[in-house]
Structure formats: C-alpha cells, structure tokens
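For reference, the structure is listed below as structure tokens.
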Amino acid sequence: MTLSRNDLWSLEQYSEKRTDFRKQVIAHKKYRQVLLSEHARVLFEDELTVRYQVQEMLRIEKVFEAAGIQEELDAYNPLIPDGTNWKATLMLEYDDIAERKGALEALIGVEDKVWMQVGDNDKVYAIADEDLERQNDVKTSSVHFLRFELSNEMIQAVKDNATIIAGCDHLALNVDGITLQQEVASSLANDLAA
C-alpha cells in the first residue's frame with residue numbers, strides 16, 4: 001500500500017481535522033512501538049503513521065502544489081510495510097547534548113544490530129537506511145529507518161499468535177530480547193499479508 005494525493009487532506013482541511021487526527025495517531029502509536037532501552041525506541045510505521053507524518057510536513061512547510069506533495073509522498077511511502085515486512089523508525093533519544101554526543105559515537109552501527117524474532121524462528125536483523133547513509137566515521141544518526149523482512153513461515157507464525165521478541169546485539173545497546181505486548185503483536189500482524 002502506498003499513499004497518493006487523494007489520501008491526503010488539503011492544508012485547510014487538515015487544519016480543521018488536525019487536533020482529532022493527532023489524538024487518533026497518538027493512541028495508535030501506543031501499540032506500534034517497543035522501548036529497547038531508556039534511550040532507544042523502535043516505532044513501527046504503517047499507513048496511518050506515515051499519512052500523519054506527510055500531513056505534518058505539508059503543514060509545516062506550507063506545501064500545496066502537486067509536485068511538492070508528490071515529493072513528500074515519494075519520501076515517506078517507502079516506510080509503509082508491503083505485506084512481507086515490518087518497517088520502523090529507530091529513535092535514539094537523549095535530552096542532554098553531551099550525553100547524546102557520546103552515545104551516538106558509541107552506537108555506530110547500531111541500526112544493523114536491531115532484530116526481531118517470531119516464535120522459534122531465527123532472528124531477523126534490520127535492513128537499515130535504504131534511502132541514504134545516516135552515520136559517518138565518528139557518530140551515528142539519532143534516527144534510522146529499518147525494514148525487517150519476514151519469511152512466509154514467520155508471517156504465518158505471527159498470524160497464529162506466536163510470541164514476537166525485539167532485541168539488539170550492539171555492544172553499547174545489548175538487549176537480549178523484549179517480548180512485545182499482545183496489543184503490539186496484534187497491531188504488527190495487521191501489517192502482514194494473509
């Protein structure tokens with residue numbers, strides 16, 4: 001699934017609907033995320049979260065021309081799962097600037113070490129930042145885009161309510177595994193084809 005201009009509100013319409021839509025998205029995101037640590041959050045994207053992001057970008061940038069709207073859609077549509085995967089944003093969140101600087105230096109490569117596991121299947125490591133490189137030789141970015149590609153067996157196991165675990169094998173963010181809440185697992189199951 002991808003979004004088109006027909007799926008979006010005009011700036012005027014969005015202004016009228018924004019407060020209620022924002023509440024809807026916040027409630028939705030509650031069951032679309034996992035905290036790997038106090039400072040590392042994985043937010044699983046879907047059509048609703050991406051639509052909100054696009055609407056917000058159009059609002060902030062006051063974009064109303066067709067080419068500009070299409071540019072935003074082209075940038076964000078790749079974040080919508082396509083039935084065989086989960087797509088997510090990894091956010092490394094530090095309020096203190098000095099702490100963030102040190103952490104981002106220590107976390108180089110973290111985006112490739114985040115994994116998901118369905119039932120007894122092997123871990124699936126993230127395919128990260130397919131749009132552009134988000135780190136350099138001295139630090140990583142505080143935001144990464146991840147894709148977890150699942151096999152048919154894994155998809156069926158998710159549909160059969162198998163346990164879903166998230167983790168990370170990075171030395172500076174070693175998370176053995178966090179079992180996703182049932183509400184989160186159910187929400188992620190909706191991202192997968194039947």
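For D74, work out the one condition from (1) without any contact (Cβ under 8 Å) to a residue 12 or more places away in the chain; (2) farther than 30 Å from A194 by Cβ it doesn't fulfil.
Condition (2) is where D74 drops out.
Only one of (1) out of contact with any Lys or Arg (no Cβ under 7 Å at 6 or more places or on another chain); (2) modelled with pLDDT of 95 or more; (3) part of a helix (DSSP H, G or I) fails for A75. Which number is that?
For A75, the exception is condition (2).
Can you confirm whether region 33-40 contains a residue that is of a type outside the set (A, V, I, L, M), part of a strand (DSSP E or B) and under 17 Å from the mean Cα position of the chain (by Cα)? Spell out how you get there, then give the answer.
Of region 33-40, the ones of a type outside the set (A, V, I, L, M) are 33, 37-39.
Now narrow it down to the ones that are part of a strand (DSSP E or B): 33, 37.
Checking which are under 17 Å from the mean Cα position of the chain (by Cα) leaves us with 33, 37.
Within region 33-40, one or more residues are of a type outside the set (A, V, I, L, M), part of a strand (DSSP E or B) and under 17 Å from the mean Cα position of the chain (by Cα).
Cβ-Cβ distance below 6 Å, separation of 6 or more or different chains: which pairs start in region 4-25 with a residue that is closer than 22 Å to I80 by Cα and among the polar types (S, T, N, Q) and end on one that is in a helix (DSSP H, G or I) and at pLDDT below 95?
none
With the condition kept exactly as written, say whether any residue in region 47-59 is under 28 Å from L192 (Cβ atoms), under 16 Å from the mean Cα position of the chain (by Cα), charged (D, E, K, R) and modelled with pLDDT under 95. Step through it out loud before you land on a result.
Applying the first criterion (under 28 Å from L192 (Cβ atoms)) to region 47-59 yields 47-57.
Those still in the list that are under 16 Å from the mean Cα position of the chain (by Cα) too: 47-54.
If we keep only those that are charged (D, E, K, R) too, we end up with 47, 51.
From the residues that got through so far, the ones that are modelled with pLDDT under 95 too are none.
There is no residue in region 47-59 that is under 28 Å from L192 (Cβ atoms), under 16 Å from the mean Cα position of the chain (by Cα), charged (D, E, K, R) and modelled with pLDDT under 95.
Any idea which of (1) surrounded by 14 or more Cβ atoms within 10 Å (Cβ to Cβ); (2) in the same structural domain as S142 (by TED's automatic domain parsing); (3) more than 21 Å from the chain's Cα centre (by Cα) is the one E99 doesn't satisfy?
Answer for E99: the failing condition is (1).
Looking at region 130-157 only, could you name the residues that are among the β-branched types (V, I, T) and under 15 Å from F44 (Cα atoms)?
Within region 130-157, the first condition is being among the β-branched types (V, I, T), and the residues that meet it are 138, 140, 143, 155.
The one that is among the β-branched types (V, I, T) and under 15 Å from F44 (Cα atoms): V143.
Does region 88-139 hold any residues that are more than 25 Å from Y31 (Cα to Cα) and either of a type in the set (K, R) or part of a strand (DSSP E or B) (or both), and which are they?
Matches in region 88-139: R100, K101, R134, Q135, K139.
The values are calculated or read from the model by the stated rules, or taken from the named source; none is laboratory data. The structure displayed is predicted, hence computed values, not measured ones. Because the Cβ atoms are built from the backbone with ideal geometry, glycine has one as well, and the counts that use them run over all protein chains shown.
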